[in-house]
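Asker: Would you mind keeping the following structure in view while I ask a few things?
The values are calculated or read from the model by the stated rules, or taken from the named source; none is laboratory data. What you see is a predicted model; the values in this text were computed from it and never measured. So basically every Cβ, Gly included, is an ideal-geometry build from the backbone, and we count neighbours across all protein chains shown. SASA here: full protein model, heavy atoms, side chains in, ligands and nucleic acids out. Shrake-Rupley method; radii C 1.70, N 1.55, O 1.52, S 1.80 Å.
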Amino acid sequence: MCYDISFKVKIEQLGDYFPGLIFDEEIEVTFESIDHIQGVAVFGQHPIIYIGREDKLAHCRKMEWSCIEFYVKEEPDFRKRNSMLNIRSERILDDPKSYWYKIRNRRCLIPVSGIYEHRQVSGWKKKVPYHIKPAGQDVFFLPGLYSVAELPDKATGEMIKRYTFGLITRAANDLMKNIHNDGDNKWRMPLFLPLVLSKQFLSEELTEQEYKKILAYEIPSQDLDHYPVNTIRTGKPRPDDKEKHEPWEWPKLPPLGEKNPEYPL
């Protein structure tokens with residue numbers, strides 16, 4: 001699943017893609033670009049684009065990564081929150097018992113400049129992270145769903161609204177199968193969309209048939225730029241002092257789709 005993203009963007013640039021975008025009061029237009037945002041175990045905040053329920057206009061506000069159900073009265077535990085980072089596209093419209101079905105119309109877009117996914121190489125202790133993005137898109141918008149829960153503030157006890165989001169994933173294409181090739185949720189990838197479909201996903205006029213077509217969209221492997229990077233889940237700087245999203249050469253790394261000749265099993 002996708003738990004790592006990059007946001008090397010000035011937040012005001014988002015208005016170039018969505019003219020008239022309203023930045024909600026709690027978000028700072030000086031929101032800094034971040035080379036690595038980790039979802040799992042962190043649940044950090046990220047600028048999210050959504051349609052206001054009252055004015056029907058495009059807004060941008062910070063939301064926490066990992067959905068909290070709107071009906072809960074207490075803070076979910078760590079394990080529960082880790083399970084709500086990603087949303088399987090297959091459950092949104094086809095599983096009425098799913099929470100995702102309940103909030104299927106709370107659609108949002110997650111602006112990113114890249115995602116990271118880890119590849120298992122036979123015989124290697126460390127997985128190899130890759131930076132991935134649609135070719136020709138310096139900024140792209142991953143579809144998600146958002147939720148709003150009212151929970152007590154831990155410090156004051158005051159009831160506050162918590163805006164949270166999850167990222168939609170689907171079955172992987174051939175390229176991503178070779179990168180995300182290990183773990184309980186292997187062979188999944190984010191629902192990469194061209195800009196026109198991202199905008200359609202956010203539209204208030206979206207029909208159920210159009211919704212289904214978007215959820216079924218599979219980006220061709222050749223339309224994804226990808227390359228290995230150095231270890232990303234660390235607070236230490238890279239040995240070459242470059243940023244996390246920049247390419248890194250792993251010695252003796254087998255090409256994608258090939259087994260390690262030194263450890264073929």
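Asker: Looking at the range 20-112, what strands (runs of 3 or more DSSP E) fall wholly within it and have at least 2 residues that are modelled with pLDDT of 95 or more?
Answerer: Once the strands (runs of 3 or more DSSP E) in the range 20-112 are filtered for at least 2 residues that are modelled with pLDDT of 95 or more, what remains is 45-51, 58-65, 86-88, 107-112.
Asker: List the pairs whose first member sits in the range 64-81 and is among the basic types (Lys, Arg), whose second member is surrounded by 14 or more Cβ atoms within 10 Å (Cβ to Cβ), and whose Cβ atoms are under 8 Å apart, counting only residues at least 6 apart or on separate chains?
Answerer: Every condition considered, the pairs that remain are Lys73/Leu151; Arg81/Phe43; Arg81/Ser66; Arg81/Ile68.
Asker: Can you name the residue in the range 167-220 that is open to solvent by 40 Å² or more (accessible area, probe 1.4 Å) and β-branched (Val, Ile, Thr) and is also nearest to Tyr130 (Cα to Cα) among such residues?
Answerer: Applying the filter and picking the extreme gives Val196.
Asker: Anything in the range 135-171 that is charged (D, E, K, R) and part of a strand (DSSP E or B)? List them, or say none.
Answerer: Going through the range 135-171, the residues charged (D, E, K, R) turn out to be 138, 150, 153-154, 158, 161-162, 170.
Passing the criteria: Glu150, Lys161, Arg162, Arg170.
Asker: Any residue in the range 135-152 that's on the phi > 0 side of the Ramachandran plot: show its pairings with residues that are charged (D, E, K, R) at Cβ separation under 9 Å, as long as the two are six or more apart or on different chains.
Answerer: As it stands, the answer is Gly136/Asp223; Gly136/Asp225, since those pairs meet every condition given.
Asker: Failed condition for Glu64, given (1) open to solvent by less than 30 Å² (accessible area, probe 1.4 Å); (2) of a type in the set (Asp, Glu); (3) within 16 Å of Val139 (Cβ to Cβ), with all others met?
Answerer: With (1) open to solvent by less than 30 Å² (accessible area, probe 1.4 Å); (2) of a type in the set (Asp, Glu); (3) within 16 Å of Val139 (Cβ to Cβ) applied to Glu64, the lone miss is (3).
Asker: Out of all the residues in the range 151-166, which are surrounded by 10 or more Cβ atoms within 10 Å (Cβ to Cβ) and among the charged types (D, E, K, R)?
Answerer: Asp153, Arg162
Asker: Looking at Gly123 and the list (1) open to solvent by less than 70 Å² (accessible area, probe 1.4 Å); (2) over 22 Å from Arg233 (Cα atoms), which single condition is not satisfied?
Answerer: Failed condition: (2).
Asker: Let me ask something else about it. Can you report the number of residues in the range 198-241 which are of a type in the set (Asp, Glu), within 25 Å of Glu54 (Cα to Cα) and outside any loop (DSSP other than H, G, I, E, B)?
Answerer: 2
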